[in-house]
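Asker: Sharing a structure, written as structure tokens. Questions coming.
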Amino acid sequence: PGVALPLLEAQAATGFVIDPVNDQKLCVDEAVREGVIGPELHEKLQHAEGAVMGYKDPFTGEKISLFQAMKKGLITDKQAIQLMQAQIATGGIIDPHCGHYVP
């Protein structure tokens, strides 16, 4: 668990969880439904998936980026940096508004 969770969070932070048995890329909800990950990880991995999909600002309801969520205290600095590092390792920071990598 100590090694697996950060790796799964890194996968979710890049947009999908990999099902190696069926060679599929799944969103977190699908991965739980398909039994690729357990329901006990659902909330943590959804939070990591927010790095790609964006986070909902609780005050305005708007979609905000990982960096903005960190600045507003919706995600810890440590978690945000780990998620950004995972994104950088796969091509750059992902803009949640357009879904593109930004170098």
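Asker: Inspect segment 34-53 for any residue being part of a strand (DSSP E or B), surrounded by 17 or more Cβ atoms within 10 Å (Cβ to Cβ) and in contact (Cβ under 8 Å) with a residue 12 or more places away in the chain and give the result as yes or no.
Answerer: No, segment 34-53 contains no residue that is part of a strand (DSSP E or B), surrounded by 17 or more Cβ atoms within 10 Å (Cβ to Cβ) and in contact (Cβ under 8 Å) with a residue 12 or more places away in the chain.
Asker: Also, quick follow-up: Output the residues belonging to segment 82-92 that are in a loop (DSSP other than H, G, I, E, B) and in contact with a strand residue (DSSP E or B) (Cβ under 7 Å, 6 or more places away or on another chain).
Answerer: Residues satisfying the conditions are G91, G92.
Asker: Which condition does Y101 not pass, out of (1) open to solvent by 90 Å² or more (accessible area, probe 1.4 Å); (2) within 20 Å of K44 (Cα to Cα), if it passes all the others?
Answerer: All conditions are met except number (2).
Asker: Of everything in segment 54-74, what is open to solvent by less than 50 Å² (accessible area, probe 1.4 Å) and either in contact with an Asp or Glu (Cβ under 9 Å, 6 or more places away or on another chain) or not aromatic (F, W, Y) (or both)? Give them in sequence order.
Answerer: Listed by number, the residues that qualify are G54, D57, G61, I64, S65, L66, A69, M70.
Asker: Check whether at least one residue in segment 18-28 is touching a helix residue (DSSP H, G or I) at 6+ places or on another chain (Cβ under 8 Å), at pLDDT 95 or above, surrounded by 14 or more Cβ atoms within 10 Å (Cβ to Cβ) and in a helix (DSSP H, G or I), and report yes or no.
Answerer: For segment 18-28, residues touching a helix residue (DSSP H, G or I) at 6+ places or on another chain (Cβ under 8 Å), at pLDDT 95 or above, surrounded by 14 or more Cβ atoms within 10 Å (Cβ to Cβ) and in a helix (DSSP H, G or I): present.
Asker: Quick one: in segment 1-17, which of the residues that are among the aliphatic types (A, V, I, L, M) and over 21 Å from I94 (Cβ atoms) is most open to solvent (accessible area, probe 1.4 Å)?
Answerer: Out of the qualifying residues, it is V3.
Asker: Next up: So which pairs qualify, if the first residue must be in segment 55-81 and in a loop (DSSP other than H, G, I, E, B), the second must be surrounded by 10 or more Cβ atoms within 10 Å (Cβ to Cβ), the Cβ gap must be under 6 Å, and the two must be at least 6 apart or on different chains?
Answerer: Partner pairs satisfying both residue conditions: D57/I64; S65/P96; L74/Y55; I75/A69.
Asker: Considering every residue within segment 56-67, establish whether at least one is in contact with a strand residue (DSSP E or B) (Cβ under 7 Å, 6 or more places away or on another chain) and aromatic (F, W, Y).
Answerer: Checked segment 56-67: no residue is in contact with a strand residue (DSSP E or B) (Cβ under 7 Å, 6 or more places away or on another chain) and aromatic (F, W, Y).
The values are calculated or read from the model by the stated rules, or taken from the named source; none is laboratory data. Only a predicted model underlies this, so the values are computations on that prediction, with no experimental measurement involved. Because the Cβ atoms are built from the backbone with ideal geometry, glycine has one as well, and the counts that use them run over all protein chains shown. Accessible surface areas use protein heavy atoms only, side chains included; no ligands, DNA or RNA. Shrake-Rupley method; radii C 1.70, N 1.55, O 1.52, S 1.80 Å.
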